[in-house]
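The values are calculated or read from the model by the stated rules, or taken from the named source; none is laboratory data. The structure displayed is predicted, hence computed values, not measured ones. Here the Cβ positions follow ideal geometry from the backbone for every residue, glycine too, while neighbour counts run over all protein chains shown.
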Amino acid sequence: MPPRGWALASASSLRALLGAFALAGLACGGDDPCDSVAGPAVVAQVDLSPDDPGVPLGTTLQLQAVPRSACGNPVEDAQVAWTTSAPGVASVTASGMVTGEGIGTADITATSEGVSSSVTVTVRAPDVVTVEVAPDQATITVGETLALTATARDADGDVLTGRTVTWSSDDETVASVTGAGVVEGESPGGPVTITATIEGVSGTAAIAVRPGPPVRLAFRVQPSDVEAGEGISPAVEVVLLDAAGNQTADERAVTITLAENPGGASLDGTTTRDADNGVATFANLRLNRPGNGYRLGASAEGLTGATSDAFAVTAGAVASLEFTVQPVDGTAGLPLAPVVVTLRDSEGNVAVGATAPVTVSLGTNPTDAPLQGTLTVAPVAGVATFADLRVDVAAAGYRLNATVAGIEPEPSASFTIRPGTPVKLRFISPTPNPREDRDIEPPVQVAVSDAWDNTVPVGGTPVSISLGENPVDANLAGTTTRFTVAGVATFSNLEITRSGSGFTLRATSFPLASAETEPFTVRN
């Protein structure tokens, strides 16, 4: 058997020979030698990756070497040897692990079966791993400045110097920052995030900006037009401002008063409030009298006060009724003197904007007589006038009721309806049902009446009684003329001398219209 060294040399010579045959075949335009030539693959090239490597000082980087045949296929079991051109810059292990030893460049070479490839490795300064900003949080006032510092550190926590810092603010309107890291308060707010960036790595600080001390007041929510007795809505707000007009966080007490009071109103509700974070809120202010041009004033100790915009107070919705002109005594058949009903809001103001109709009726009615005239009237500027009310039945103790839908009725004062002018006679006793030659019972009564059948209480008026219809030629005996007492003539001893049917009695008194009973029968 030949020695082992010879076998290796022969194998190497054989691979070289086969490679030559393969190349000759390609040159002659023959078939792909990878398909036609049998035997071990020969390394024709070595691929290295990455192809432009860089490594921070003190760190490692794994290089990869792939030996390939002329066909581009990996050569299995091919051994690779690694070397470096500058071990003080970059060292390399037998497995291709590169370590950054010093700043600079070094060529790393991979060799397999006499075929070599190289890449240049750049060893750079350590990477920035963290950036610290100091102070990392602070509060400044508007116009105040604060210098921040940014410190870069590597993976071991060592400080890295000579690095460029870029500064930014996520809200320049609240806190701005210069390229040198100086922050300035622009307006109250925050915390604002101030970011320092070094080589793609960032650190932050949280900066809040507070306003300056309060110097004056301002109405942030103005009073709006409102109905008398109702709370002003939305709630009035007064803000405490610094010299630049920024809202402060001051909590001192603020007091509201009436700066202009055209209606002579009183201001009700809680008129002094402690500010909360610079705002005093007045949620229940109300005025009790209508008027245009009201203004509120705001004051606080040590601060310049403020005056609100003008606003109006109108009368509220109808809450009650009032007879501002009461009914007075009247005469049957004639209109009463005008009666006036006024609509009022909950504060007693005339409800000038009310449009709901007002209706009157007889609330107390001793005679069940109807109330006549225009009973429903639309109010004008909160006032309803009833000019033609009339009651035709005389009596004392009448009262009117005034009503509006949804409002409690309002009763009037008591009044009396007097009888009208006497114009006629009227039998007020029952139709007789007598026996012949007997006194008629009950006694016959005749009243002096006006046109609406009201008894006119006159005295001393002579009234005469006679037979009107007399079917049997009977006589009427007794006292047939009587004088009225309180408007009534009473005949207590009348007799009819014969029985029969169809009799009537007639009463006369000049110049009054006469009266006659219904027909009746005189019994035996």
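Would you point out the residue of the stretch 215-240, among those that are outside any loop (DSSP other than H, G, I, E, B) and closer than 13 Å to ASN284 by Cβ, that is nearest to the chain's Cα centre (by Cα)?
So in the stretch 215-240, the residues outside any loop (DSSP other than H, G, I, E, B) come out as 216-221, 226-227, 236-240.
Within this subset, residues satisfying the condition of being closer than 13 Å to ASN284 by Cβ are 226, 236.
Working: VAL226: 16, VAL236: 14 Å.
For the stretch 215-240, the residue satisfying everything is VAL236.
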(1) over 18 Å from GLY263 (Cβ atoms); (2) assigned by TED's automatic domain parsing to the domain that holds ASN288; (3) of a type outside the set (A, V, I, L, M, F, W, C) all hold for GLY333 apart from (2)
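Collect the residues in the stretch 337-394 that are among the acidic types (Asp, Glu) and surrounded by 16 or more Cβ atoms within 10 Å (Cβ to Cβ), keeping them in residue-number order.
Taking the stretch 337-394 as the starting set, the residues that turn out to be among the acidic types (Asp, Glu) are 345, 347, 368, 388, 392.
Scanning the stretch 337-394 gives ASP345, GLU347, ASP392.
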From VAL215, VAL165, residue being touching a residue at least 12 places away in the same chain (Cβ under 8 Å), among the hydrophobic types (A, V, I, L, M, F, W, C) and closer than 30 Å to THR59 by Cα: VAL165
Options ARG289, ARG273; residue that is closer than 30 Å to LEU400 by Cα and either charged (D, E, K, R) or in a loop (DSSP other than H, G, I, E, B) (or both): ARG289
Scan the stretch 419-435 residue by residue and report those that are farther than 30 Å from GLY500 by Cα and either at pLDDT below 95 or exposed (fewer than 13 other Cβ atoms within 10 Å of the Cβ) (or both). THR421
Here are some residues: THR455, THR416, THR497. Which one is crowded, with 18+ Cβ neighbours inside 10 Å and β-branched (Val, Ile, Thr)? THR455
SER233 versus (1) more than 29 Å from ALA138 (Cβ to Cβ); (2) among the hydroxyl-bearing types (Ser, Thr, Tyr); (3) not assigned by TED's automatic domain parsing to the domain that holds GLY297: which is the lone unmet condition? (3)
Looking at ALA317, is it part of a strand (DSSP E or B) and under 30 Å from GLY229 (Cβ atoms)? no
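Could you check the stretch 108-201 for strands (runs of 3 or more DSSP E) lying wholly inside it with 2 or more residues that are under 30 Å from SER49 (Cα atoms)?
115-124
Report yes if VAL142 is within 22 Å of THR60 (Cβ to Cβ) and either surrounded by 15 or more Cβ atoms within 10 Å (Cβ to Cβ) or outside the structural domain of GLU199 (by TED's automatic domain parsing) (or both), otherwise no.
Details: within 22 Å of THR60 (Cβ to Cβ): no; either surrounded by 15 or more Cβ atoms within 10 Å (Cβ to Cβ) or outside the structural domain of GLU199 (by TED's automatic domain parsing) (or both): yes.
It is false that VAL142 is within 22 Å of THR60 (Cβ to Cβ) and either surrounded by 15 or more Cβ atoms within 10 Å (Cβ to Cβ) or outside the structural domain of GLU199 (by TED's automatic domain parsing) (or both).
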Subset of the stretch 401-426 (residues that are of a type in the set (Gly, Ala, Ser) and closer than 20 Å to ALA378 by Cβ): ALA402, ALA405, GLY406, SER412
Farther than 30 Å from ASP136 by Cβ, among the aliphatic types (A, V, I, L, M) and crowded, with 16+ Cβ neighbours inside 10 Å - does that describe any residue in the stretch 201-213? no
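Report yes if VAL391 is under 37 Å from the mean Cα position of the chain (by Cα) and touching a residue at least 60 places away in the same chain (Cβ under 8 Å), otherwise no.
no
Test GLY406 against the criterion of being crowded, with 17+ Cβ neighbours inside 10 Å, outside any strand (DSSP E or B) and within 47 Å of the chain's Cα centre (by Cα), and give yes or no. Write out each step before concluding.
Details: crowded, with 17+ Cβ neighbours inside 10 Å: no; outside any strand (DSSP E or B): yes; within 47 Å of the chain's Cα centre (by Cα): yes.
Taking the combined requirement at face value, the residue does not satisfy it.
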Return the total of residues in the stretch 495-518 being without any contact (Cβ under 8 Å) to a residue 60 or more places away in the chain, over 12 Å from PRO462 (Cα atoms) and assigned to a loop (DSSP other than H, G, I, E, B). 1
